[in-house]
Amino acid sequence: MRPLLSRLSRDDAGSMTLLSLYFLAGLLAVSALAIDFAYLLSARNQLQVAADAAAHAAIYYRETNTAAASKAKAVELAQHAMPPAAYGAVLRDEDVEFGHWDYATRTFTANPYSMEAVRVRPGRTAARGNAVTAHLFRIVDKPFWDLAAQAVFVTFDPHCFREGFVGDDVVDIQSNNGFEDGFCVHSNRYVSVNSNNTWEPGTVVSMPDSSEIDLPRSGFVTNEGLQAALRNGYYRLRVLNKLDRIYDDLYLASGDYLPDYVSGSAPIVLTNKKLSAADFLPGRVHRANCGGATVTIEAGTVLQHVVMVTDCAVKFGQGVTLEDSVILTRSTEAKSVYAASSLQIGKNDNCAEGGGAQIITYGGMDVPSDLRFFGGQVIAKGPVSFSANAGGIQGASIVSGSTISGTSNMSMGFCGSGMEDNFDVSYFRLAY
């Protein structure tokens with residue numbers, strides 16, 4: 001018996017099988033911990049997605065609602081994404097704050113009255129009673145994990161809408177035009193450009209796919225600076241969806257979109273089909289109903305501090321000037337706004353504050369020649385076309401739900417000021 005035992009003690013057959021069992025046990029333990037870790041990462045990502053969605057909902061809803069209602073909407077959306085029955089109270093009203101976001105320092109300052117930014121901070125923590133449960137981490141005495149997320153959404157105004165041409169369809173630029181630093185030309189389809197145009201450094205020409213720009217064969221050679229100005233981008237034209245609300249505010253002479261130079265609450269009804277400055281009272285809203293006909297503003301008329309709301313097509317005589325004024329028509333004709341020539345939108349005041357003017361139409365606009373902008377804005381659901389010698393060296397904005405066509409000898413610049421009274425709608429982006 002003793003020799004047998006001695007022989008067995010020296011025999012190492014099967015030792016690798018035992019070692020493999022140790023390796024397998026270690027591998028299974030590491031794999032299990034990795035699965036737990038991946039589960040925690042998944043839970044963290046799920047919480048972040050809920051934070052992003054809730055923050056966007058809060059800032060979007062805040063545009064037309066109270067802060068309290070906007071917070072409730074954010075919580076509602078978070079609960080939809082992560083039902084309380086399964087995840088607990090991941091987001092509460094106190095986790096939603098409105099305020100100001102500083103890009104330079106990347107800090108958020110709370111202000112309950114602000115509409116500029118919102119910070120949302122959901123969580124799954126022991127304090128909330130909904131901490132994330134781990135499994136294999138129990139072996140290191142860590143069965144519960146606190147997870148938190150944060151999202152900051154801010155409002156912003158794309159500078160293309162402030163000063164530039166923005167069309168939902170093709171934007172067509174012909175020849176011999178000059179565009180100065182800061183000016184923007186954007187199409188949600190593509191931009192078409194002819195020859196001999198100049199694009200200063202700082203100009204932007206954008207479309208969803210900049211490679212689809214329509215150019216003559218020598219287009220980049222004959223369009224100085226164009227290649228450097230190209231960008232990819234797409235914009236929803238949100239302001240077009242606000243036209244009914246703008247119309248209501250102007251028609252009723254009350255609301256957020258009513259210019260501050262309107263002081264009288266009772267609108268004036270215009271009965272004449274041909275109008276001059278004598279038919280308008282500064283500081284008042286004017287209604288013109290012509291039964292589908294055309295109302296004409298006579299040549300040489302200068303309108304200051306007036307609003308006109310109409311269902312008629314509007315024709316401007318030669319040399320009409322609009323200063324601190326709004327003309328809105330709900331006519332859907334392709335040329336619901338037409339000007340003989342030399343229509344000036346805005347006051348020639350070297351980009352000073354105030355003096356701007358706006359033309360809004362549910363149809364299209366056509367100006368054969370000499371359209372001038374000085375802090376002026378055109379918003380049209382239909383096509384906008386203007387011919388030779390247009391000038392916007394002191395602030396021009398055109399937004400069209402269709403095409404924009406400008407021919408030759410334009411000169412368009414960027415003011416950066418003097419556009420304060422233009423109609424705009426905020427956009428939203430994730431800042432943090």
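Read-outs: derived from the displayed coordinates by stated rules, not from any lab. Worth saying up front: this structure is predicted, and the values here are computed from it rather than measured. Counting neighbours? That spans all protein chains shown, and the Cβs are built from the backbone with ideal geometry, glycine included.
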Hey, in the GNM for the chain with a 10 angstrom Cα cutoff, which one of 169, 256, 421 fluctuates hardest?
256
Sorted by average packing, counted as other Cβ atoms within 10 angstrom per residue and highest first, what order do 365-374, 64-73 take?
365-374, 64-73
Report, to the nearest 10°, how far helix 243-252 tilts away from the longest principal axis of the Cα atoms in the chain, using its own Cα long axis and a range of 0 to 90°.
50 degrees
Charge dipole magnitude, Cβ of K and R +1, D and E -1 - the chain, Cα centre, debye nearest 20
1580 debye
Label model pair residue 432, residue 104: point-to-point distance (7 angstrom along the Cα→beta-carbon line) in nm is 1.6 nm
Relative to the longest principal axis of the chain, what angle (0 to 90°, nearest 10) does the C-alpha long axis of helix 15-62 take?
20 degrees
On a 0 to 90 degree scale, rounded to 10, what angle separates helix 67-81 from the longest Cα axis of the chain?
40 degrees
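What order do you get for 243-255, 308-320, 227-239 when each peptide is scored by the mean count of other beta carbon atoms within 10 Å, highest first?
Most protected by this proxy first, the peptides run 308-320, 243-255, 227-239.
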Would you list which lysines come within 22 Å of residue 273, measuring only between C-alpha atoms, while excluding same-chain residues fewer than 8 positions from it?
315, 335
Scan (1) 0.94; (2) 1.20; (3) 1.43 for the value of Cα Rg over 2.2 N^0.38 Å calculated from this model and give just the label.
(3)
In percent, how large is the relative contact order of segment 200-239, given Cα pairs closer than 8 Å and 6 or more residues apart?
58 percent
Ranking request for peptides 403-412, 84-93, 377-386, 43-52: highest mean number of other beta-carbon atoms within 10 Å first, then the rest in descending order.
377-386, 403-412, 43-52, 84-93
Rounded to 0.05, the calculated FRET efficiency for the beta carbons of residue 42 and residue 254 at R₀ = 60 Å is 0.70
